[in-house]
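Undergrad: Okay, here's the structure, questions in a sec.
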Amino acid sequence: MDRDRARAALADERAETQALLTTMTARLSSVVDAGADASSDDEHDPEGSTLAFERGQLVAQIERSRVRIAEVDAALLRVDAQTYGRCENCGGDIAEARLEALPAARLCISCASKRSNRRW
């Protein structure tokens with residue numbers, strides 16, 4: 001993948017993730033505000049999730065979005081350093097199809113597979 005295409009794909013990924021982060025942050029603020037309402041009794045509502053559960057879900061999504069933005073920023077640095085598309089583990093090329101699907105990929109398929117297998 002050439003540098004301009006890589007930079008454009010990463011910029012798109014970053015913008016989408018930033019938009020999601022903004023949305024989730026606003027939703028979290030609404031949930032926190034709802035929890036501050038003295039009349040809310042979500043703990044006894046059999047029809048819906050509790051505010052605490054929703055807050056936990058949003059916090060997790062916000063953290064994943066922040067990590068994703070950091071990954072994209074690191075990939076942009078690799079583009080500048082001309083190491084983008086090279087596996088950080090084995091030094092081989094990362095397949096273009098993988099980079100198109102995951103623009104911030106740091107590992108080739110083989111190394112990513114080995115790493116995920118070690119976790120189990």
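The values are calculated or read from the model by the stated rules, or taken from the named source; none is laboratory data. Small disclaimer: the values here were computed from a predicted structure and weren't measured. Positions of Cβ are backbone-derived with ideal geometry, glycine not excepted, and every protein chain shown enters the neighbour counts. Ligands, DNA and RNA are stripped out before the accessible areas are found, and what is left, the full protein with its side chains, is counted by its heavy atoms. Shrake-Rupley method; radii C 1.70, N 1.55, O 1.52, S 1.80 Å.
Undergrad: Can you tell me which condition ARG66 does not meet? The list is (1) more than 23 Å from LEU28 (Cα to Cα); (2) open to solvent by 40 Å² or more (accessible area, probe 1.4 Å); (3) of a type outside the set (S, T, N, Q), and all the others hold.
TA: The one condition ARG66 does not meet is (1).
Undergrad: Moving on to the next point. Which one of these is open to solvent by less than 80 Å² (accessible area, probe 1.4 Å) and charged (D, E, K, R): GLU100, GLU71?
TA: GLU71
Undergrad: Counting just the residues of the stretch 58-103 that are of a type in the set (Val, Ile, Thr) and part of a helix (DSSP H, G or I), which one comes out nearest to GLU16 (Cα to Cα)?
TA: Of everything passing the filter in the stretch 58-103, ILE69 is nearest to GLU16 (Cα to Cα).
Undergrad: Pull out all pairs, ordered by first then second residue, where Cβ-Cβ is under 6 Å, the residues are six or more apart or on different chains, the first lies in the stretch 13-24 and is more than 13 Å from PRO103 (Cα to Cα), and the second is assigned to a helix (DSSP H, G or I) and not basic (Lys, Arg).
TA: Pairs that qualify, where the first residue is more than 13 Å from PRO103 (Cα to Cα) and the partner is assigned to a helix (DSSP H, G or I) and not basic (Lys, Arg), are LEU20/SER65; LEU21/SER65; MET24/LEU58; MET24/GLN61; MET24/ILE62.
Undergrad: List every residue pair whose Cβ atoms sit under 9 Å apart, with the two residues 6 or more apart in sequence or on different chains, where the first one lies in the stretch 66-82 and is at positive phi and the second, anywhere, is part of a helix (DSSP H, G or I).
TA: Pairs found: GLN82/ARG3.
Undergrad: If we scan the stretch 51-61, do we find a residue that is touching a residue at least 40 places away in the same chain (Cβ under 8 Å) and open to solvent by less than 40 Å² (accessible area, probe 1.4 Å)?
TA: Looking through the stretch 51-61, none of the residues is touching a residue at least 40 places away in the same chain (Cβ under 8 Å) and open to solvent by less than 40 Å² (accessible area, probe 1.4 Å).
Undergrad: Same structure again: Among the candidates ARG115, ARG106, which residue alone is touching a Lys or Arg at 6+ places or on another chain (Cβ under 9 Å) and either open to solvent by 20 Å² or more (accessible area, probe 1.4 Å) or part of a loop (DSSP other than H, G, I, E, B) (or both)?
TA: Sole residue among the options that is touching a Lys or Arg at 6+ places or on another chain (Cβ under 9 Å) and either open to solvent by 20 Å² or more (accessible area, probe 1.4 Å) or part of a loop (DSSP other than H, G, I, E, B) (or both): ARG106.
Undergrad: Give the number of residues within the stretch 75-86 that are among the aliphatic types (A, V, I, L, M) and either in contact with a Gly (Cβ under 6 Å, 6 or more places away or on another chain) or open to solvent by less than 40 Å² (accessible area, probe 1.4 Å) (or both).
TA: Selection size over the stretch 75-86: 3.
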